[in-house]
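Chemist: Take this structure, written in structure tokens, and hold onto it; I'll ask about it next.
Rule-based calculations on the coordinates, nothing more; no lab input. Keep in mind it's a predicted model, so treat the numbers as computed, not measured. In this analysis, Cβ positions are derived from the backbone assuming ideal geometry, glycine residues included, and neighbour counts consider all displayed protein chains.
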Amino acid sequence: MITAQVQKRIGPDFLLDVAFTLPAQQTLAVLGHNGSGKTTLLDLLAGLRRPDAGRVALNGRVVYDAARGINVPARARHLGYIFQHYALFPHLTVRDNVRCGLRGQPQRLEELLRQFRLEALADRYPRQLSGGEQQRLALARSLASHPAVLLLDEPFSALDPPWRRELRQEFRSLRAQFNLTAVLVTHDPGEALELGDAVLVLEQGKVAQHGSADQVMWQPASPYVAAITGNPNLFTSQVLEVEGDTMVLQAYGTRITASGVVASPGRTVAWTVRPEAVMILRPGRPLAAPVQENHLQGVLTSTAKEIDGHSFTVAVPRWPPIVGRVPHTTWERLMADTGQAVTVSLKRSATWVMGRQEAP
Amino acid sequence: MVDLTPLWFSIQVAAAATLGSLVIGTAVAYALARGRFRGRDALEAVFTLPLVLPPTVLGYYLLALFGRRSALGAFLERSLGITIVFTPLGAVLASLVVGIPLVVRTARVAFESVDRDLERAGRTLGFSELAVFCRITLPLAWRGIVAGTVLAFTRGLGEFGATLLVAGNIPGRTQTIATAIYNATQTGNSALANTLVAITTVLAFAVLLVVARLTR
């Protein structure tokens with residue numbers, strides 16, 4: 001388990017201020033843009049940099065406590081750290097690199113080389129390895145002494161996509177095998193949502209949202225969180241009616257039903273709907289059932305074939321562009337073309353009010 | 001037969017001075033490359049000065065600092081029996097001062113080119129600061145340090161101005177190859193001058209080849 005509450009001033013107008021608790025054997029994905037303070041956060045946990053204030057406990061052991069003057073140096077924190085470019089020692093062979101992580105248990109060396117499929121490469125130097133092999137070596141070295149906590153700084157970003165997929169799987173199996181509690185830093189929302197039991201979105205050194213992957217994805221706390229998770233549909237509207245946690249919004253001349261953070265009637269709120277929850281219907285086709293969703297009439301303006309689906313943009317009069325995404329098979333059945341009039345439907349359960357919009 | 005005593009003397013002086021330059025220069029270079037402290041720029045400037053000042057100015061400073069009439073010089077002579085001016089020790093000191101900046105500059109670049117994440121990785125793997133330096137930083141920076149040290153040796157071998165002021169030009173006692181060449185030219189002994197010049201040039205050329213290999 002990790003309990004952390006750290007503050008660190010990084011520049012005149014940049015204060016890193018993060019607190020979180022991570023249960024044992026879970027993975028926290030820290031999602032943020034470059035310069036959001038992600039790597040600094042890892043360094044503070046690892047003891048490579050010293051916070052200005054706060055407290056850090058790893059599995060019940062306090063490694064930093066400003067109030068009590070405790071600051072255990074990195075070498076004594078006993079955690080694994082995978083650096084962005086792996087930081088393999090270029091002057092040492094694969095075997096010697098792994099040996100560096102053993103902390104005085106030399107008998108485990110050969111077993112580790114076998115476990116990480118590095119036996120055949122043991123006498124090579126890091127520059128002679130492929131990207132995937134380098135990553136296995138980095139993992140072997142940092143897990144050699146069985147740390148309970150593993151920190152990973154953008155570990156997959158340097159790899160080509162096919163390698164990435166394989167290594168994410170490898171990471172998942174290692175996590176189970178070594179009972180790891182892991183903090184993984186990334187700017188890739190797909191990676192954060194796939195690997196994180198919990199996701200912490202970092203915005204300018206502050207926690208923008210900390211929740212499950214589903215919450216961060218479907219119930220973003222702010223437009224910033226929506227945008228960083230790959231959701232371009234950001235709207236602002238006035239609340240007309242409130243009933244329980246359901247609100248009716250006056251959105252660009254249309255009544256929209258949404259749920260989310262409740263605001264009283266008359267308030268202007270920011271709301272969103274993920275592209276995956278934007279359905280597209282061909283006009284002239286009556287709905288099979290009177291689905292109680294938010295319907296809008298518009299024109300298909302652009303479409304794009306992507307790896308994980310087909311995305312499209314619909315222009316609805318007076319509305320900002322609405323982006324949707326459907327599986328490839330659905331798109332093929334639809335046979336829609338740009339310029340065509342279409343109906344889009346914003347799935348009610350996914351239409352989410354993020355909170356009050358401050359007057360600009 | 002040409003008297004090669006000045007050559008052997010120069011080699012001994014340069015060797016001793018180089019050893020000092022290596023230790024002091026490496027320490028200063030590491031501080032400049034990794035330290036974040038006040039007065040870092042001033043420290044760098046002080047250790048660059050010998051490169052740009054005329055050697056006679058350096059010699060003058062050394063005389064002022066270690067001469068018999070200075071407090072330090074008097075103390076060394078009376079309490080420890082060490083005389084610096086007009087002794088081989090003076091020649092070593094002169095070569096040391098001109099050699100240090102060369103080690104500092106090359107070693108600093110070498111230290112700065114070591115990826116700091118490697119040192120950080122060492123710390124997370126349980127290395128002490130000393131182990132980080134000895135097992136990671138130094139093995140990755142040694143080429144640059146050696147290159148600077150070799151340069152300092154060559155520079156020490158040819159040191160003239162400061163040496164002349166501090167150590168003098170006493171044949172058989174403090175005469176170096178450079179001061180011997182000066183003497184030979186002044187007295188019209190062109191055979192000796194030619195030989196010493198040729199030896200010095202070949203030696204310096206060989207050293208530069210070594211440096212080129214190391215810093216490639």
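Chemist: Using a Gaussian network model of chain A whose springs link C-alpha atoms within less than 10 Å, name the residue from A:190, A:80, A:205 with the highest mean-square fluctuation.
Modeler: Taking springs between Cα atoms under 10 Å, the residue moving most is A:190.
Chemist: Taking chain A as a Gaussian network, where each spring joins two C-alpha atoms under 10 Å apart, which residue of A:264, A:145, A:36 fluctuates the most?
Modeler: Checking each option, the largest mean-square fluctuation is seen for A:264.
Chemist: Give the calculated FRET efficiency between residue A:119 and residue A:169 to the nearest 0.05, with a Förster radius of 22 Å applied to their Cβ-Cβ distance. All intermediate terms of the calculation are to be shown ahead of the outcome.
Modeler: Numbers: r = 21 Å, r/R0 = 0.96.
After rounding, the FRET efficiency stands at 0.55.
Chemist: Hey, if you put +1 on the Cβ of every Lys and Arg and -1 on every Asp and Glu Cβ in the protein assembly as shown, which of A:94, A:196, A:150 ends up farthest toward the positive end of that dipole?
Modeler: Result: A:94.
Chemist: Now for a separate question. Can you tell me which lysines have their Cα less than 18 Å from the Cα of residue A:206? Leave out same-chain residues fewer than eight positions away.
Modeler: Within reach: A:8, A:38.
Chemist: Which whole-number percent is the relative contact order of chain A (Cα, under 8 Å, 6+ apart)? Display every interim value, and only then the final one.
Modeler: Numbers: 773 pairs, mean separation 56.1, N = 360.
Reported relative contact order: 16 percent.
Chemist: Could you work out the relative contact order of region B:5-215, using alpha carbon pairs under 8 angstrom and six or more residues apart, expressed as a whole percent?
Modeler: Details: 291 pairs, mean separation 67.1, N = 211.
32 percent.
Chemist: Quick check on chain A: helices-only [θ] at 222 nm, where DSSP H runs of length 4 and up contribute -39,500 (n - 2.57) each and the sum goes over total residues. Nearest 500, please.
Modeler: On the way: 9 runs with 78 residues, N = 360.
Helix-only estimate at 222 nm: -6000 deg cm²/dmol.
Chemist: Let me ask something else about it. Hey, which lysines would be in cross-link range of residue A:305, C-alpha to C-alpha under 27 Å, not counting anything within fewer than 8 residues on its own chain?
Modeler: A:347
Chemist: Say we join alpha carbon atoms closer than 10 Å with springs in a Gaussian network model of chain B; which of B:138, B:165, B:130 then has the biggest fluctuation?
Modeler: Judging by the Gaussian network model, the answer is B:130.
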